1. Could you figure out which of (1) of a type in the set (Val, Ile, Thr); (2) surrounded by 12 or more Cβ atoms within 10 Å (Cβ to Cβ); (3) closer than 30 Å to LYS6 by Cβ isn't true of VAL75?
2. Please go through region 79-107 and give me each residue that is under 25 Å from the mean Cα position of the chain (by Cα) and outside any helix (DSSP H, G or I), ordered by number.
3. Just to be sure I understand, how many residues within region 52-73 are under 30 Å from ASP42 (Cβ atoms) and part of a helix (DSSP H, G or I)?
4. Among the candidates SER40, SER15, SER5, single out the residue that is small (Gly, Ala, Ser), part of a helix (DSSP H, G or I), surrounded by 10 or more Cβ atoms within 10 Å (Cβ to Cβ) and at pLDDT below 80.
5. Quick one: which residue in ARG65, ARG51 is surrounded by 10 or more Cβ atoms within 10 Å (Cβ to Cβ) and on the phi < 0 side of the Ramachandran plot?
6. Is it fair to say LYS76 is modelled with pLDDT of 90 or more, more than 20 Å from the chain's Cα centre (by Cα), in a helix (DSSP H, G or I) and not aliphatic (A, V, I, L, M)?
Amino acid sequence: MKTSSKLRMAVVLVSLACTAPTFANPVTPVTTTAIATAPSEDAKAEILMKRLEEIKEMDKSNLSRAEKKELRKEVKAIKATMKASSNGVYLSVGAIIIIILLLILIL
């Protein structure tokens, strides 16, 4: 019985040690410029979304091959810009598996 509980505790500690760097966030000081740029970022995102909608609604059947290729490049660039500007929380598959295992062990 003691060996089982020690093993369980070791697994929990190793799991926590592995996930600790995943949750670490760099501390950035809040400045007035960061607060002032937030509305402009929202406005830029809105403009990019409108442009994506315009491209989606376009009739591409009468465009040449080069124009279609240019539109595809523009869409890729817009999506990359939006992805870079998003500040979401991302978890790797390994972190999710470790969290699930911890929940199973605890519960």
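1. Of (1) of a type in the set (Val, Ile, Thr); (2) surrounded by 12 or more Cβ atoms within 10 Å (Cβ to Cβ); (3) closer than 30 Å to LYS6 by Cβ, only one is false for VAL75: (3).
2. We begin by selecting, within region 79-107, every residue under 25 Å from the mean Cα position of the chain (by Cα); these are 79-103.
Those that are under 25 Å from the mean Cα position of the chain (by Cα) and outside any helix (DSSP H, G or I): SER86, ASN87, GLY88, VAL89, TYR90, LEU91, SER92.
3. Count: 11.
4. Values: SER40 fails: surrounded by 10 or more Cβ atoms within 10 Å (Cβ to Cβ); SER5 fails: surrounded by 10 or more Cβ atoms within 10 Å (Cβ to Cβ).
After ruling out the rest, the residue left standing is SER15.
5. None of the others qualify; the one that does is ARG51.
6. no
The values are calculated or read from the model by the stated rules, or taken from the named source; none is laboratory data. Quick caveat, the model's predicted, so the values are computed rather than measured. So basically every Cβ, Gly included, is an ideal-geometry build from the backbone, and we count neighbours across all protein chains shown.
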